[in-house]
Structure formats: C-alpha cells, structure tokens
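In what follows, a single structure is set out as structure tokens and then discussed.
The values are calculated or read from the model by the stated rules, or taken from the named source; none is laboratory data. Not measured: the values here are computed from a predicted model. Please note: Cβ atoms are built from the backbone with ideal geometry, for glycine as well, and neighbour counts cover all protein chains shown.
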Amino acid sequence: LSHSPMSTVFINVPSISRLQWHPFTVTSSSSLEPEKLSVAIKCEGQWTGDLYEKLSSAARSGAIDGLEVLVEGPYGPPSTDFL
C-alpha cells in the first residue's frame, strides 16, 4: 500500500455504521513509515463524535484491543501544482 500526505482514504467502522464511509486526509508517508497509515480526523459530526467516544472510552478503561476499520484507497494526492 503506497500512500503520501494529502492522499485521501475512505474509512468505515462497522461498529458505528455498516453503511457510512467517510473521507479522511492521510498525514503519513509510506516511504517514511511503510507499516503506518495516519489520518487527520476532526470531531465534527455524529459519526466522528461516536468514533471519538468509542476510542476515548476504550483508552480510559485500558481496553483497546482493536477496532475493526475498513479502508478504501488511498486516492490522490491532489495536485501540488499551484499557480
């Protein structure tokens, strides 16, 4: 999986919603960290709020064993040519 900063991935978390896919911006690079994919997530709506609550409550209880996440992409990155 090759990705670079500013690429886009679509993420689905079945425990929140099996049908909703949300776009996120990639913040990591596979050339620097080949085993890691990081995304920027802003807690703004119901779905990201539910994701935040799920992760923060698991972190508080120390019960983070894993979270099923489906990823489509990456796509991009967008053009870096500017006028």
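Structure notes:
- Residue in region 27-47 that is modelled with the lowest pLDDT, counting only those that are within 15 Å of residue 70 (Cα to Cα) and outside any loop (DSSP other than H, G, I, E, B): 39
- Cβ separations smaller than 7 Å between residues 6+ apart or across chains give the following pairs from region 55-68 residues that are part of a loop (DSSP other than H, G, I, E, B) to residues that are among the polar types (S, T, N, Q) and modelled with pLDDT of 80 or more: 68/15.
- Residues in region 15-50 that are touching a Ser or Thr at 6+ places or on another chain (Cβ under 8 Å) and of a type in the set (A, V, I, L, M, F, W, C) were compared, and the one that is surrounded by the fewest Cβ atoms within 10 Å (Cβ to Cβ) is 40.
- Residue check, residue 13 among the aliphatic types (A, V, I, L, M), touching a Pro at 6+ places or on another chain (Cβ under 9 Å) and at pLDDT 90 or above: no
- Qualifying residue in region 7-14 (condition: outside any loop (DSSP other than H, G, I, E, B), among the hydrophobic types (A, V, I, L, M, F, W, C), in contact with a Leu (Cβ under 8 Å, 6 or more places away or on another chain) and buried (at least 16 other Cβ atoms within 10 Å of the Cβ)): yes
- Within region 66-83, considering residues that are exposed (fewer than 10 other Cβ atoms within 10 Å of the Cβ) and under 19 Å from residue 11 (Cβ atoms), the one modelled with the lowest pLDDT: 66
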